[in-house]
Amino acid sequence: APPLDARPSTTALNKYRRTRWTPQTGPAPLHPKWNPRSSDAAPSGYGVDAPPSYDAHDAPADTRSSGVANAYARTKWSPRSGAAPSPFSDFNPGDASSSPTYSAASDVDYDAVRAELRRIMDNPSWDDGSLAPILIRLAWHSSGTYDAAAGTGGSNGAGMRFATEAADPENAGLEVARAFLEPVKSMFPDVSYSDLWILAAYVGLEHTGGPIVPFRPGRVDHLDESYWADMSYGRLPAAEKYCCPHLDDNNVGQSLDATGKVQGWEGLCAHVRDEVFCRMGFDDREIVALLCGGHVYGRCHPAFSGYAGPWVEHPTQFSNEYAADMIEDEWTLVSHGDDWLDAQGASELRPAPGKRQFVNKKKHHVDDDEPNQMMLLSDMILAWDPAFRTHLEGYAEDEGRLREDFGAAFKKLTELGCGF
């Protein structure tokens, strides 16, 4: 893979996304008439959270999976269009029962699986040129359902293959990640989906300068959706839960208290700490490490979550930028109605109607050198809560410490409920 500083820049990627594409022009772009980063609704027939449909046979070699992918490359396919063509003729992304369940971990050549995952990781046709962020999110969300008291949830089972768990609003858009991994699963059928999703995230972290997390296989996929009888929505963190008041988009600033914090932030903080992370068995240091290490990757899409933009300037590289910027930058609460962002070249930071987020922009001050960045309300609690802030400041000062702590916490997260 090319070094990080040699990969396509965001500017270059945006340039070809606005260009009419043919197989001769290079990597397949996102949908030519709609970008999931925009606040516009997805066009009819596209699917609000489906990846683009393009001919894999015409894409450059480094964006195809060798062997298996070429077998289906002659057919245009989107994961939301139904059953995938050969060699996945018996597999339907919307019907987990159509795919076999494997637990023969000892029969899998994990070095070969890793090599294939590394080979597909850089993909200029998706987002900022890397699959690592969305694969890390897939592993996080498949694991973050664990309940220590009930002994349910966690990465073991790959329940997101089934309709109910996949439909959790917090999982919107993750069928993209699952579809990108399907050719790898077909190449290595003995690896369980549960193991593949977690290993893909580990490889993504390594590939982007993050911690090297030792992988332990042995997760077993659910055979059907009966496991959901003991589960429920609400186990994954919600960005604005318990915050108030929810005003119209033109009065969002009135939801701030005298200190600049969103009213009700204490309830949101309790949700993140107690209802989500403590439920799984994490302490404050681990909570901050997981958020600082996880949200340095990727971006939010209005069509998926309703929120918009990247957390950091370099969303495909591990760093402590998230922690440092949260403390050092000035943040402004905005909503969809804040169209002044458009004039500053920051339209990608306008969330969908009804959503609020913080941005590193000021209404009457333009800084051309400042990259477009945002923070969710559930991010900002790390700076507002004194106990969380202590750890946040430590990670802002010491990237090595963050790498070590995040790696340990992420391994713990992705092994919850596995019986290891």
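Just so it is clear, none of the values below were taken in a lab; they were calculated from the coordinates. Since the structure is predicted, the reported quantities are computational estimates derived from the model, not experimental observations. Don't worry about glycine lacking a Cβ; one is built from the backbone with ideal geometry, like all the others, and counts go over all protein chains shown.
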Global geometry of segment 106-174, whether rounded, prolate or oblate, following the gyration tensor of its Cα atoms and the 1.5 cut on a/c: oblate
Quick one: which residues, 5 or more positions from Ser130 or on another chain, have an amide H under 5 Å from its amide H? H modelled 1.01 Å from N in the peptide plane, none for Pro or chain starts. Asn123
Taking amide H positions as placed 1.01 Å from N in the peptide plane, with prolines and chain starts having none, which residues 5 or more places from Gln373, or on another chain, fall under 5 Å of its amide H? Asn360
Residues whose modelled amide H sits under 5 Å from the amide H of Thr152, counting only those 5 or more places away in sequence or on another chain, are Asp147
Using θ = phi - 60° and the Karplus relation 6.51 cos²θ - 1.76 cosθ + 1.60, list the HN-Hα couplings for segment 404-420 in order, rounded to whole Hz, with x at every Gly or Pro. 5, 5, 5, x, 5, 5, 5, 4, 4, 4, 7, 10, 5, x, 8, x, 6
Quick one: 3J(HN,Hα) in Hz for segment 215-222, Karplus 6.51/-1.76/1.60 with θ = phi - 60°, rounded, Gly and Pro as x. 9, 10, x, x, 5, 10, 6, 5
Debye, to nearest 20: dipole size of segment 185-337, +1 on Lys, Arg Cβ, -1 on Asp, Glu Cβ: 300 debye
Taking +1 at the Cβ of each Lys and Arg and -1 at the Cβ of each Asp and Glu, which of Leu392, Ala408, Val366 sits farthest along the dipole of segment 284-415 towards its positive end, judged by Cα position relative to the Cα centre? Ala408
Reported to two decimal places, what Rg/Rh ratio describes segment 296-420 when computed on Cα atoms with Rh from the Kirkwood expression? 1.01
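Which net charge results for the neighbourhood of Ala387, defined as the other residues with beta-carbon distances under 12 angstrom from its beta-carbon, given Lys and Arg at +1 and Asp and Glu at -1? It would help to have the intermediate numbers written out before the result.
Details: positive: Arg273, Arg285, Arg389; negative: Asp283, Asp284, Asp385, Glu393.
Residues near Ala387 contribute -1 overall.
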Ordered by residue, what ³J(HN,Hα) values in Hz, to whole numbers, does segment 326-340 give under the Karplus form 6.51 cos²θ - 1.76 cosθ + 1.60, where θ = phi - 60° and Gly and Pro are x? 4, 7, 8, 8, 9, 10, 10, 6, 9, 9, 4, x, 7, 6, 4
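Please label the shape of segment 241-372 as rounded, prolate or oblate, based on the square roots a ≥ b ≥ c of the eigenvalues of the alpha-carbon gyration tensor (a/c under 1.5 means rounded; beyond that, a/b larger than b/c means prolate, else oblate).
On the way: a/c = 1.79, a/b = 1.22, b/c = 1.46.
Oblate, since a/c reaches 1.5 and b/c is not below a/b.
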Given Lys261/Lys363; Lys241/Lys355; Lys261/Lys362; Lys241/Lys363; Lys355/Lys412, which pairs have Cα atoms separated by over 22 Å? Lys241/Lys363; Lys355/Lys412
